[in-house]
Structures are given as structure tokens and as C-alpha cells.
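To start, the structure itself, in C-alpha cells.
Throughout, read-outs are computed from the coordinates displayed, never taken from laboratory work. It should be emphasised that the depicted structure is a prediction, and the values quoted were computed from it without experimental measurement. So basically every Cβ, Gly included, is an ideal-geometry build from the backbone, and we count neighbours across all protein chains shown.
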Amino acid sequence: MVFSSHLFVFYFLPLALLLYFAAPARARHLLLTVLSYLFYGWANPLFVVLMAFSTIVDYACGRLIAPGPAERDGRLPRLVPETPRSRSQRTALVISIVTNLSLLGFFKYFHFGVDSYNALVNSVGAPVAQWDTFFRITLPLGISFYTFQSMSYTIDVYRGEAAAIRNPIDFACYVSMFPQLVAGPIIRFQEVADQLQQRDHTLEKFTRGVAFFCLGLAKKILLANSCGLVADIVFDAGSRGCLEAWVGVLAYAFQIYFDFSGYSDMAIGLGLMLGFAFPKNFDSPYHAASITEFWRRWHLSLSTWLRDYLYIALGGNRRGPVRTYANLAMVMLLGGLWHGAAWNFVAWGALHGGALALERLIGRDSLYRRWPRPVRVAITFVIVGIGWGFFRAESITAAAAYLGALIGLGDPAAGAILLKGMIAQPWLVAWMLIAAIVTWTAPQSWDWTRRITAPRAAVILGLFWISLLVLTTQSFNPFIYFIF
């Protein structure tokens, strides 16, 4: 089930809100958990079993890490960060991490590992050593998100940054909450621990949540889907010229931004309707004037998760420049693999890791100081766009061919004139221009929804109804991050 569907907007969401506010306070987390499991299991009920297993393991590990009597608020005493951990506490943490990474590794990377191994043995002339499997594994929706989220709980409890929770229903609610379950943002336990115990439900918060949801839906339906059509036409073409390749990159850059930021807006809005305040996930990333700044603005919940739980754990920048660059490269390579089990995602991570290391080596200010900010923003956007070419391509070979087209080395076929006509349709060009205007001139949803005036309410409702009308006619309605 996706947010941008009639099933969700007209049936699931109204019913969920009605039941939630009609239920007594003590039963709301149980109800929200049941609704979330229904939401998640709509496509495949077996996915629910996997998430429930991860939830049970991490809840039990949290209890083992922080034993003791519960306090009045239902949480166990918070551990003191400086106090040495016992062997059983360390073992519980290892069990949690290994379990979550094993689930993620098996379901997401099994076929990638087998295919890579077979390609390697074939390349060295030993096809007899290849491993032929007779079964195919389905990737559960959102497993990359909820495993990271659930794992952050045991790590936060172990570090003493959050108190363990006693009630298993509260923890199950945290892991499975449908607003952010299948595509984030990645909510760390310490960010909502207090809200799970006590939160306010106000008209102001609910109104802002509705505004967030409507704006996110408009981003998704009107901008992401329209730009996605252009991107698909170009990337799926047998060949393309230099200009068409850059149009495809631009279209995909808009598609993935409005697709994911629109989903994040809807998730934040749904959370507000339920009384939860989720953290900001995008901060106008295409305004960035360097790759370092880009990662301080793009997918904040993932970049901060990788920084706090991986980069710092590897030593961060505390062990000399060589180790710092190695840590940056490792984090970005793993970040690329987190997004997808294919070598083109590894190449995407390597591109960003190399750019981050170069900026740190030379000095970000020294590298860009001679140019005015608009030029730096444009250069950064081009680098990010080249990266999106790797991200969108079907394989590393296709990505290399597309990169060749970007620098004029492509060999467009005789029918390439048809491609020009397909992407030059006036309504597609108009939506691309609107996407560009919104990207670089419009205020952020986070700021614009702080105060809902009558004119703003009219704009919000107008965009909502237009989005619903367009939704009835669209057959192209993917969510890019569902596959991650």
C-alpha cells in the first residue's frame, strides 16, 4: 500500500484516524501497531513475520542490556555511558546487530553475491565452479529502513543515550509505525522515546500534519511522476545523444528528490496527525554548494545514522588523515550498497566518497572559494547529477554507456530523433520547468507549514484536490525508495 493511492487516502487513512482518536489512550499503541502490520502486510503477509522477528529480538536484547526494575514511565533506568558494560550486555548488543544485518544481508544481497561470484568464476575460465540456485528471494519492502531503525534502539540503550522500554507493545509501535515504515525517514529511538510515553494531540499539530501530507502528495503526483516519465523515456532508450542524456539526468534528479522528499513530507505529516514529531529529512539539498554540504541536506536521517553508528564507530577523523579518508570511502561505499544490491550503486557511493575525501583533503573552502555561490551550486548539482546516472542505470555497464553519452561519446541510433520528440512534449517540458522553479525558489515545506493562514490553506487544499484528480488518470505512480 502506498500513500499516493485512493485506497490509502480514501479508506485506510480515514479509518485509521477514526479508530485512533476513538480508542482510549492506553490502547492507542496497540491499535497503531495492528494498523501498521495491516498496512505493511497488504502486499505480502509474510513480510510481517520477518519484521515481527526483528522486533522481538531487539526488544529482548534491549531488556538484557538494561536490566532492572521499571520506573514510573514504563522505562528501565538509563545506563551510565562511562560505566563498563558486562559480557552479557555486550553479547546482547552483538546478537541484535548480527541478527539485523543478517536479515538485511540475506534478503537484499544474496542474489547479488551469487551473481557476482558466478561472474567472477566465469571471467577466470572456471564456469564449472559457478553456483546455480533454484530459488529466488523476494526483497521485503522497507527492510533497509526498519532494520536500521530497530537496531538503533539497542545501540542507543547500550550507549546510555536512551532508556530501554519495558512495554513490548510500545516498542512494536515504534518499529512498525506505518507513516515511516517502508521508506523512512529512519527514526532513531532516542528521537521518539519520550513521545512514546507522552505526547500532545493538538489542532495546530494536526492541521500542520494535514498541510505536510497534502504538499507531499502534490510533490509526488504532480512533480515526481511527471519528471519520472521523462527520465524513464531517456534511460530506457536504446541510445541517446548528449543533450537527451543531460535532460534524462535532470529529470531523474527532480524525480528522486520530489519522490523521496514528498514521501518524507507525507510521513512527517501523518506522524503529526498521530501526535508524533519526526525530524526533518531534507533541507533543500540542491541548494548545496559542495558535496559535503549536499550530504548535510540530503536524506538527513540516513546520513546522520551512517555518521553516528558507522563513521564514528570506525574512528571518524580521530585517527589521522589516511584513516579518515578510508572511513569516508567505506561509509559511502556501504551507503551505496544500502541503496541497492548492484555494482552501479557501489560506483555511486564511490563517486560521492571520492568527492567528500577530495573536499576534505584540499579544504572545501579552498576548493570552491574563487567562485560565487551560484556557480558552486551549479557545479555541485552537475556532480550529483552524474551520480544519479549511476544510481538510475540498470547495471554498471549501462551506467558506463550513459556516462559516455553525457560527455558526447554516445552513438545515437537513426531513430534518436523520435526520442527528442517524446521528451519535448509541451506538458512534460512545463512540469520540468515547474520542478526547477520549486527546487530553487520555493520555501521548504518544513518552514512554510509553521503558520497556516487562509491563503496558504487555500493553496494546500487546491494542490490536494488537483493531485487527487491527476492521480485518477495516472498509471505511472512508483515510489523509488520502496525498493530499498
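Normalised by the number of residues in the chain, the mean separation of alpha-carbon contacts (under 8 Å, six or more apart) gives a relative contact order of 18 percent.
Using the Stokes-Einstein relation with a Kirkwood hydrodynamic radius computed over Cα pairs, the translational diffusion coefficient of the chain at 25 °C and a viscosity of 0.890 mPa s comes to 102 µm²/s.
Once the C-beta distance of TRP440 and TRP131 is scaled by a Förster radius of 35 Å, the resulting FRET efficiency is 0.10 to the nearest 0.05. Listed by Cβ neighbour count within 10 Å, with the fewest neighbours leading, VAL346, VAL375 appear as VAL375, VAL346. Dipole of the chain computed with +1 at Lys/Arg Cβ and -1 at Asp/Glu Cβ about the Cα centre; of TRP371, ALA355, MET332, farthest Cα towards the positive end is TRP371.
With R₀ set to 22 Å, the beta-carbon distance separating ARG78 from ALA313 gives a calculated FRET efficiency near 0.60. Short-range pairs are left out: with C-alpha atoms under 8 Å and at least six residues apart, the relative contact order of region 205-483 is 31 percent.
With a cut-off of at most 12 other beta carbons within 10 Å, and DSSP calling the residue loop, which trypsin sites (Lys or Arg not before Pro) in region 85-182 qualify? Please list them. Passing sites in region 85-182 are ARG136. The order of the peptides 243-252, 40-49 by mean Cβ neighbours within 10 Å, most packed first, is 243-252, 40-49. Screening the chain for whole DSSP H helices with an alpha carbon extent of at least 20 angstrom along the helix axis and a mean Kyte-Doolittle hydropathy of at least -0.5 yields 46-65, 87-123, 143-159, 203-218, 242-273, 321-339, 343-362, 373-392, 426-441, 454-473. For region 216-321, the relative contact order works out to 22 percent when only alpha carbon pairs closer than 8 Å and six or more residues apart are counted. Would you mind checking region 133-171 for residues with the amide N under 16 Å from a putative spin-label position 7 Å along Cα→C-beta of VAL121? Answer for region 133-171: 133-135. What residues from region 248-273 fall in the zone where the backbone N is under 17 Å from a label point 7 Å along the Cα-to-C-beta line of ALA424? What the label zone holds, given the 17 Å backbone N cut-off, is 248. Under 20 Å of direct C-alpha separation, and excluding same-chain neighbours fewer than eight residues apart, LYS219 reaches these aspartates and glutamates: ASP232, ASP259, ASP265, ASP283, ASP447. For LYS108, the lysines whose Cα falls under 28 Å of its own Cα, not counting residues fewer than eight places away in the same chain, are LYS220, LYS280. Along Cα→Cβ, 7 Å out, is where each label goes; now give me the distance between the ones at THR397 and ARG85 in nm to one decimal. Result for the modelled spin labels: 4.5 nm. Restriction of the trypsin sites (Lys or Arg not before Pro) in region 345-407 to DSSP coil positions whose beta-carbon has at most 16 other beta-carbons within 10 angstrom yields ARG369, ARG370. Taking the centroid of alpha carbons for each part, region 247-273 and region 286-336 are 22 Å apart.
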